[in-house]
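Novice: Would you mind keeping the following structure in view while I ask a few things?
The values are calculated or read from the model by the stated rules, or taken from the named source; none is laboratory data. Keep in mind the model is a prediction, meaning the values are calculated, not measured. All Cβ positions, even for glycine, are placed from backbone atoms using ideal geometry, and neighbour counts span all protein chains on display.
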Amino acid sequence: MITGIFTFLIIFAVIGSILYGQKLIKTEKSDAVFGNPERAKGGIHWVIVGTSFLLFTWLYYSWDIAKSFYPKSANELCQVAKVNESLLSLKYLFPIEERSHKSTALIKRENINISDKIIEIQNSPDLKNQVKEKFVNLLNKTRQTIPLLTNEKYLEIETKNTINELTNRIKQLTEDFPKDNYPPPLSEEEENKRIEATKKQLGWGATGMEVPPLPESKVGLKFHTAAQELNSISDEFFAMRNHHPEYLRLLNEIRDEIKEYRNSLNDDQEIETTYIKEIKKLGQRIEYESVFPPNTLDEMEKAIRVFDKVQKKEQGATRIKDMLLFPGGTIVASGPTCAEDGPGRWLPKPSDTFRIFGDLLKPSVGFKMIPMIWYEMMGVNRIVGFLLPNWIADIMPGKYPVHTSDGTVEPNFKSKVLDVVTGEFEAFKIPVPTGHIWDSFLRVFLGLTLGIILGVPLGLFMGLNRFAKGFFDPLVELYRPVPPLAWAPLVITVFGIDNVGKVFLLFMVSFSIMIISARAGASGTQLSKIHAAHSLGASRWQILRNVIFPNSLPEILTGVRVAVGMCWGTLVAAEFLAGTTGIGFVENVARKYMQYEVIWITIFVMGMLGLLFDVTIRKIIDKTIPWRGKG
Amino acid sequence: MSDLVSQNVNMIFKSLKGETVHALKDISFTLKKGELLTVLGPSGCGKTTLLNIAAGFLRPTSGTITLGGKEINGPGLERGMVFQQGALFEWLTVNENVNFGLRMKKEDPVKTAKKVEEWLDIVGLQGFGNTPTYQLSGGMQQRVALARCLINDPDLILMDEPLGALDALTREKMQSLVLKIWKETGKTIILITHSVEEALLLGERAYVMAPRPGRIHKEYKLPFASLGLKEDLREIKNNKEFVTKREEILSMIWDMEEEIMGKENLG
């Protein structure tokens, strides 16, 4: 429904924007000069068109348009798929979708297998000649069983009758299938039961990618019944064995010989055991394969071809829907269930995606019982306890209280201080943010802040001092070129899978970037500015604080911008590796359970947050260093 | 007695390759308080090195340079400097640039603000106090640089091609401003320039320096600076004596340049 409205809105937006664009071209003073950058200015309406195309592509390729306009189409296609699936095993017998008859292909392959095995045995250095002769003899006998299967002389009447019967059933189905009264009506009780069952099944896409398997329409029921009939025909066909007594006699002879030989073998004759097992397997394969004399199945092939044509014709509108609304794929059946196969499988439908996004954002649902982003009430005492180090209590004068003889403990000043620094006191609560998104954000923020606080001074120092440059350069240059993710396993093992490990990893990322940018900023300061500051009576510290630092700010802030991007990318990957919260964790879990909607939602959230970071920093840069590039 | 006295100042640079460059050789001169000295010369003659030594950014290899009897061995407030590009702190406003020195000394902000206003008046920047310096034109930036230097009340002002990057018209205005300030404050000024006209117009004395090794080639005593305070600068430029001197110095510098070129071609 919503998708339907959206589809029309998109079409209107595109047409409207194109008309508006045409009008603009007509009314504007036209600038005939190609290459004038002025011509690229404006054009919000083309943004609308671009966005609309993206949305439309998404709606179309995820089959959401099909779902919105023809919600029953998947169910019908499921029934068609069932017929195709049932027909497939029968079709494989004939050169319909294959190049040769199944029997031909089988015989060809088995002959090759036997010949190969004979050559292998004759060339084997581990076998005695006597044994070789025996094995070759057995293989030749196995080969002799094939003509007993392919000669019409050995085709039994019973087998012939079964084939005829099955062929007639296919012909009957072909005849009945297009009729209006197919399938024959069920008894009232059975029909009610069937309807009950269809009502119970969920809608298309409700559980992610499942398609309701029970037929919900008349056409669907037709195909469903035909598929059942075809299944029964093919089951019966493949249960049938073309085994003439002559064939069975030869087979038993071979088996007895093999058995006799195996009994004569000792435990240590492993090579012989292996070979004899393989020879037995070759015979068994031929036994279970449906090999028939040539032309025996010609009638059946014709019947199947006719039926295939008829069922394709009967698909009618369903077939057109399949072609138009299910681009790049279709619904496939596997036994009683159906599934989407194609972009519909990995490209979630917008309608489902938004619904699941809405669910994820609900603080009570979230993901793995943790909301995406919400708040929780936290006592101020916990925050104080977290911020103040416990050793403050240790350095207070006095001693911690000792219990008295009547079994109580009197608190003193020192123990009271300990209560404060460990957060064990009553306090009011304040709301603090929580959730996957907040956790990811906080990690980036902490890692970045640490990197800036430590990296900028060190970078400035390295830019101004030969000793600092030389001393710290090896350290930085040895760890920096290593991709941060290569450090992740080590850092996470040492510092734990929780926040400390990730924050440290991000600190490593931002630290090196901040050092490099601050260093470039410091060493890029014009000498005349420093001279000027000197002759104006500034001290070293004042020059650093008032000249070199502000002069390096453009480089430092550019470094921050780069570091944010790097940190964000590293964080998500680090959360993939280990952890229990965070947006990368969500995506990793969703991947395990093939929750495509959630995967796409996390991708979207990450993109938006990355964009938010970058825009924020760009705003800060514009505010703090308006002189950039104008000095 | 705050004369600038230079005695046998030598400056020898050594490059990493081991080549030595004799940038200054036996420079001796005395600059009396309140004098305006202009220094001219082809590029590479050591003008800027001399100025940097006077400012205290460089230490001479030998010889001494004293101001008011005290040897110069580091930058100090009593010697203000104005650079070619202004070397303003572009992240600060005009006010913040001008009061930079006083702020570094942590002087009373109220007094400082008053002083800044006075100096902005003198250099003709009334009302620009809160403008960020990167929004100013080149001439205005040089005015800020002048004010920033003068507000510290230095005994000696060192100007390193302060007007070199300005267009002709602005340059002329700024020349009048420099003369006016010199007259009103009575400061000792050393002004380095590439322009022969400027050297003649502004200097009471002018040194023409020669390269390799850097030395004072010729000294001129000039009347034009005092004239320039009364007359129009453009009229002075047409003065017959002025034109003769200008041509003389120009051909002198031409010869020096040609000599350098010749040496380089031979080397």
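Novice: Out of everything in region B:68-102 that is among the aliphatic types (A, V, I, L, M) and within 20 Å of the chain's Cα centre (by Cα), what residue ends up being surrounded by the fewest Cβ atoms within 10 Å (Cβ to Cβ)?
Specialist: My answer is B:L77.
Novice: Which one of the conditions (1) touching a residue at least 12 places away in the same chain (Cβ under 8 Å); (2) in contact with a helix residue (DSSP H, G or I) (Cβ under 9 Å, 6 or more places away or on another chain); (3) of a type in the set (A, V, I, L, M, F, W, C) does A:F495 fail to meet, given that it meets all the rest?
Specialist: Condition not satisfied by A:F495: (1).
Novice: Filter region A:68-94 down to residues that are at pLDDT below 90, surrounded by fewer than 20 Cβ atoms within 10 Å (Cβ to Cβ) and not aromatic (F, W, Y) and give me whichever is farthest from A:Q201 (Cα to Cα).
Specialist: If we take residues in region A:68-94 being at pLDDT below 90, surrounded by fewer than 20 Cβ atoms within 10 Å (Cβ to Cβ) and not aromatic (F, W, Y), then A:S89 is farthest from A:Q201 (Cα to Cα).
Novice: When residues of region A:323-374 are filtered for being among the hydroxyl-bearing types (S, T, Y) and more than 30 Å from A:S234 (Cα to Cα), how many remain? First the steps, then the outcome.
Specialist: Step one: filter region A:323-374 for residues among the hydroxyl-bearing types (S, T, Y), giving A:330, A:334, A:337, A:351, A:353, A:364.
Among the residues that remain, those that are also more than 30 Å from A:S234 (Cα to Cα) are: A:351, A:353, A:364.
Adding up the residues that qualify gives 3.
For every residue, the table says whether it meets (1) assigned by TED's automatic domain parsing to the domain that holds B:W254; (2) among the basic types (K, R); (3) within 24 Å of B:W182 (Cα to Cα); (4) free of Cβ contacts under 8 Å to residues at least 60 places away in the same chain.
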{"residue": "B:T30", "(1), (2), (3), (4)": "yes, no, yes, yes"}
{"residue": "B:P60", "(1), (2), (3), (4)": "yes, no, no, yes"}
{"residue": "B:G68", "(1), (2), (3), (4)": "yes, no, yes, no"}
{"residue": "B:I72", "(1), (2), (3), (4)": "yes, no, yes, yes"}
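Novice: Tell me which residues, restricted to region B:106-123, are within 14 Å of chain A (Cβ to nearest Cβ) and exposed (fewer than 15 other Cβ atoms within 10 Å of the Cβ).
Specialist: Hits for region B:106-123 are B:K106, B:E107.
Novice: Further question: If I go through region A:191-222 residue by residue, how many of them are farther than 22 Å from A:R345 by Cβ, of a type outside the set (D, E) and in a helix (DSSP H, G or I)?
Specialist: Selection size over region A:191-222: 12.
Novice: Take A:S539 and decide whether it is under 26 Å from B:A87 (Cβ atoms), modelled with pLDDT under 90 and either in the same structural domain as A:I453 (by TED's automatic domain parsing) or of a type in the set (S, T, Y) (or both).
Specialist: Judged against the criteria, A:S539 is a match.
Novice: Looking at region B:158-169, which of the residues that are crowded, with 17+ Cβ neighbours inside 10 Å and more than 14 Å from chain A (Cβ to nearest Cβ) is farthest from A:R628 (Cα to Cα)?
Specialist: By that ranking, first place goes to B:L163.
Novice: Taking the options B:T20, B:T48, name whichever one is touching a Lys or Arg at 6+ places or on another chain (Cβ under 6 Å) and of a type in the set (S, T, N, Q).
Specialist: B:T20
Novice: Yes or no: region A:42-64 includes at least one residue that is charged (D, E, K, R) and either in contact with a Leu (Cβ under 8 Å, 6 or more places away or on another chain) or closer than 30 Å to A:G342 by Cβ (or both).
Specialist: Within region A:42-64, one or more residues are charged (D, E, K, R) and either in contact with a Leu (Cβ under 8 Å, 6 or more places away or on another chain) or closer than 30 Å to A:G342 by Cβ (or both).
Novice: Taking helices (runs of 4 or more DSSP H) that do not extend beyond region A:491-548, which have at least 2 residues that are within 14 Å of chain B (Cβ to nearest Cβ)? Don't jump to the end; show me each part of the working.
Specialist: Values: elements: A:499-523, A:527-535, A:540-543.
Once the helices (runs of 4 or more DSSP H) in region A:491-548 are filtered for at least 2 residues that are within 14 Å of chain B (Cβ to nearest Cβ), what remains is A:527-535, A:540-543.
Novice: I'm trying to understand the selection: among the residues of region A:309-329, which are surrounded by fewer than 19 Cβ atoms within 10 Å (Cβ to Cβ) and either under 25 Å from A:M1 (Cα atoms) or of a type in the set (G, A, S) (or both)?
Specialist: A:G316, A:A317, A:R319, A:I320, A:M323, A:L324, A:P327, A:G328, A:G329
Novice: Could you run through region A:241-271 and say how many residues are assigned to a loop (DSSP other than H, G, I, E, B) and either modelled with pLDDT of 90 or more or more than 30 Å from A:I170 (Cα to Cα) (or both)?
Specialist: Qualifying residue count, region A:241-271: 5.
Novice: May I pose another question? Can you confirm whether region A:349-359 contains a residue that is at pLDDT 85 or above, outside the structural domain of A:W600 (by TED's automatic domain parsing) and part of a loop (DSSP other than H, G, I, E, B)?
Specialist: yes
Novice: If we scan region A:283-296, do we find a residue that is polar (S, T, N, Q), more than 43 Å from the chain's Cα centre (by Cα) and in the same structural domain as A:K179 (by TED's automatic domain parsing)?
Specialist: Taking every residue of region A:283-296 in turn, at least one turns out to be polar (S, T, N, Q), more than 43 Å from the chain's Cα centre (by Cα) and in the same structural domain as A:K179 (by TED's automatic domain parsing).
Novice: Return the only residue of A:G610, A:G582, A:G565, A:G559 being touching a Leu at 6+ places or on another chain (Cβ under 9 Å), assigned by TED's automatic domain parsing to the domain that holds A:I453 and among the small types (G, A, S).
Specialist: Details: A:G610 fails: touching a Leu at 6+ places or on another chain (Cβ under 9 Å); A:G565 fails: touching a Leu at 6+ places or on another chain (Cβ under 9 Å); A:G559 fails: touching a Leu at 6+ places or on another chain (Cβ under 9 Å).
Only one candidate qualifies: A:G582.
Every residue, every condition in (1) exposed (fewer than 11 other Cβ atoms within 10 Å of the Cβ); (2) among the basic types (K, R); (3) farther than 18 Å from A:V310 by Cα, yes or no:
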position	(1), (2), (3)
A:R169	no, yes, no
A:F177	no, no, no
A:S217	no, no, yes
A:G220	no, no, no
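Novice: Just a yes or no: is a residue in region A:458-476 in contact with a Ser or Thr (Cβ under 8 Å, 6 or more places away or on another chain), away from every other protein chain (no Cβ under 14 Å) and surrounded by fewer than 16 Cβ atoms within 10 Å (Cβ to Cβ)?
Specialist: Looking only at region A:458-476, we keep the residues that are in contact with a Ser or Thr (Cβ under 8 Å, 6 or more places away or on another chain), and these are A:459-460, A:463-464, A:476.
Imposing the further condition that a residue be away from every other protein chain (no Cβ under 14 Å) reduces the set to A:459-460, A:463-464, A:476.
Those left that are additionally surrounded by fewer than 16 Cβ atoms within 10 Å (Cβ to Cβ): none.
No, that holds for no residue.
Novice: Here's something else I'd like to know. Do we find a residue being among the polar types (S, T, N, Q), closer than 27 Å to B:A165 by Cβ, touching a residue at least 60 places away in the same chain (Cβ under 8 Å) and in contact with a strand residue (DSSP E or B) (Cβ under 7 Å, 6 or more places away or on another chain) anywhere in region B:89-103?
Specialist: Checked against the condition, which is being among the polar types (S, T, N, Q), closer than 27 Å to B:A165 by Cβ, touching a residue at least 60 places away in the same chain (Cβ under 8 Å) and in contact with a strand residue (DSSP E or B) (Cβ under 7 Å, 6 or more places away or on another chain), region B:89-103 yields no hits at all.
Novice: Still on this structure, I have one more. Is at least one residue of region B:13-26 away from every other protein chain (no Cβ under 14 Å), in a strand (DSSP E or B), over 18 Å from the mean Cα position of the chain (by Cα) and among the β-branched types (V, I, T)?
Specialist: Looking through region B:13-26, at least one residue is away from every other protein chain (no Cβ under 14 Å), in a strand (DSSP E or B), over 18 Å from the mean Cα position of the chain (by Cα) and among the β-branched types (V, I, T).
Novice: Within region B:129-157, track down each residue that is surrounded by fewer than 19 Cβ atoms within 10 Å (Cβ to Cβ), modelled with pLDDT of 85 or more and in contact with a helix residue (DSSP H, G or I) (Cβ under 6 Å, 6 or more places away or on another chain).
Specialist: If the condition is that a residue be surrounded by fewer than 19 Cβ atoms within 10 Å (Cβ to Cβ), modelled with pLDDT of 85 or more and in contact with a helix residue (DSSP H, G or I) (Cβ under 6 Å, 6 or more places away or on another chain), then B:T131 is the only one that fits.
Novice: Checking A:K349 against (1) touching a Ser or Thr at 6+ places or on another chain (Cβ under 9 Å); (2) without any contact (Cβ under 8 Å) to a residue 60 or more places away in the chain; (3) under 18 Å from A:Y593 (Cα atoms): exactly one of these is not met. Which one?
Specialist: Condition (2) is where A:K349 drops out.
Novice: Please find, within region A:363-372, the residue that is surrounded by the fewest Cβ atoms within 10 Å (Cβ to Cβ) out of those that are in a loop (DSSP other than H, G, I, E, B) and within 24 Å of the chain's Cα centre (by Cα).
Specialist: Ranking the qualifying residues of region A:363-372, first place goes to A:M369.
Novice: Also: Are any residues in region B:124-155 away from chain A (no Cβ under 11 Å), assigned to a loop (DSSP other than H, G, I, E, B) and of a type outside the set (S, T, Y), and if so, which ones?
Specialist: Across region B:124-155, the qualifying residues are B:G124, B:L125, B:Q126, B:G127, B:F128, B:G129, B:N130, B:D153, B:D155.
Novice: Please state which one of A:T525, A:T624, A:T580, A:T558 is within 24 Å of the chain's Cα centre (by Cα) and either under 25 Å from A:L448 (Cβ atoms) or buried (at least 19 other Cβ atoms within 10 Å of the Cβ) (or both).
Specialist: A:T580
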